[in-house]
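Only one structure is covered here, and it is reproduced in the block below.
Just so you know, all these numbers are worked out from the coordinates, no wet-lab data involved. Keep in mind that this is a model prediction, so the values were computed, not measured. Don't worry about glycine lacking a Cβ; one is built from the backbone with ideal geometry, like all the others, and counts go over all protein chains shown.
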Amino acid sequence: MDVHDQTFSQATDLFGRAVRSVNFVLDNWAGWLVVGALVWLALRVRSRHELLGQLDERCEAAFADIDALMAERHGLIPNLVETVKAFAVQEHRVLQDVIEARARAMATAGNARLEAEVQIGQSLNSLWAISENYPQLASSGHFADLRRELTRIEEKVTASRKFYNLTVEEMNSVRRAFPGNVIAMFTKLGEHEKFSLGDKRATYAEPVKVTF
């Protein structure tokens, strides 16, 4: 048969090529499964890595919000201590606890900072308790203003803490599951812990009982 009389299909041997390709795929099906599994794994690792990076940044941002509120609280503590000292100078231990807790919090960073902030909350709780024994202190306008400001900060901390803890929980769940656990071993991801207020939360907004 003259080459000019051949059809395009005959000239290119499309059918034969198709048969050989199918046979090649069938003969090497195990290899193609391995390739498919590797591609899936690569895509899975890439998506988990991106997710972990996003969650890490979200944790950092949420922590920064809490950190800013804690810095605002630190700024109010010296005035609060001086105000209480003017009416309850003999309460050295409680005032010293507040001052030392603030100093520890300002000297730490990261997850240790959160634990130090819990100590501040507990020492402030003790300070509110002794204020009930000093009617003049409780009726002081400056003391009341400071308490309102700390109440406002506490409310914001509560909201920020919930978001931060949810983000940390989500990130930790991804890190514990495969392939997140493998990715975490070979990447520089931050270590984030939940922010607990401890067993004894500072009751800033609780009305002071004044006795005469």
Gap separating the Cα centres of the range 112-149 and the range 61-100, nearest whole Å
8
Table column - 3J(HN,Hα) (Hz), the range 52-58, Karplus curve with 6.51, -1.76, 1.60, x for Gly and Pro:
4, x, 5, 5, 5, 5, 5
Using unit Cβ charges (K, R positive; D, E negative) and no other charged atoms, how large, in debye to the nearest 20, is the dipole of the range 83-125 about its Cα centre?
100
Could you calculate the contour length gain from residue 82 to residue 156, that is, 0.36 nm times the residue separation minus the distance between their Cα atoms, to one decimal place in nm?
24.2 nm
What distance in nm separates the two pseudo spin-label positions at residue 166 and residue 65, each 7 Å out from Cα along the beta-carbon direction?
0.9
Between residue 112 and residue 39, with labels modelled 7 Å along Cα→Cβ, what's the label distance in nm to one decimal, could you check?
5.0
Length gained when the stretch residue 145-residue 99 is fully extended (0.36 nm per residue, less Cα-Cα span):
14.6 nm
With +1 on the Cβ of every Lys and Arg and -1 on the Cβ of every Asp and Glu, the dipole magnitude of the range 28-86 about its Cα centre, in debye rounded to the nearest 20, is 320
